[in-house]
1. Quick one: LEU44, LEU112, fewest Cβ neighbours within 10 Å first, how do they rank?
2. In whole angstrom, note down how far apart the Cα centers of the stretch 1-41 and the stretch 69-112 are.
3. Under unit Cβ charges (Lys, Arg +1; Asp, Glu -1), what dipole magnitude, rounded to 20 debye, does the stretch 2-111 have relative to its Cα centre?
4. Short version: what are the Cα gyration tensor semi-axes of the chain, square root of 5 times each eigenvalue, largest first, in whole Å?
5. Amide H to amide H, which residues 5 or more places from TYR31 or on other chains are under 5 Å from it, using H placed in the peptide plane?
Amino acid sequence: MKIYHNPRCRKSRETLAIIEDSGRTPEIIEYLKTPPSEEELANLVALLGIPAEQLLRKGEKLFKENFKGKTFSDKEWIKVMVENPVLIERPIVIEGGKAVIGRPPENVNSLL
């Protein structure tokens, strides 16, 4: 099990706690310190089964100032997120070829 985690985010901490309370010890990737590559992020989007644009944190100031109202392809949005990892929705949990976004944190229960 792997979690793309931001320790400053309450939802991310809550999701990690659910995982740990289940007895699992996930691989923790602090994606702001170690951003995913374009290939990794493309794989995450595929596992989530969503368009890349749905993985964006559209409430972020960076998004509002630079990307709001713009239209890009999945590949272009992925590049934007790799270059600006703060725009990646969090947390993302992967297990057994499946992935979920921990919003709400209880979404992770489907992987446990």
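1. LEU112, LEU44
2. 11
3. Working: 18 positive and 17 negative charges, 92 e Å.
Result for the stretch 2-111 is approximately 440 debye, rounded to the nearest 20.
4. Working: eigenvalues 114, 42, 28 Å².
Value: 24, 14, 12 Å, ordered largest first.
5. Amide H neighbours of TYR31: HIS5.
No value in this document is a laboratory result; all are computed from the given coordinates. None of the values given here were measured: they were computed from a predicted structure. We place every Cβ from the backbone using ideal geometry, glycine too, and count neighbours over all the protein chains shown.
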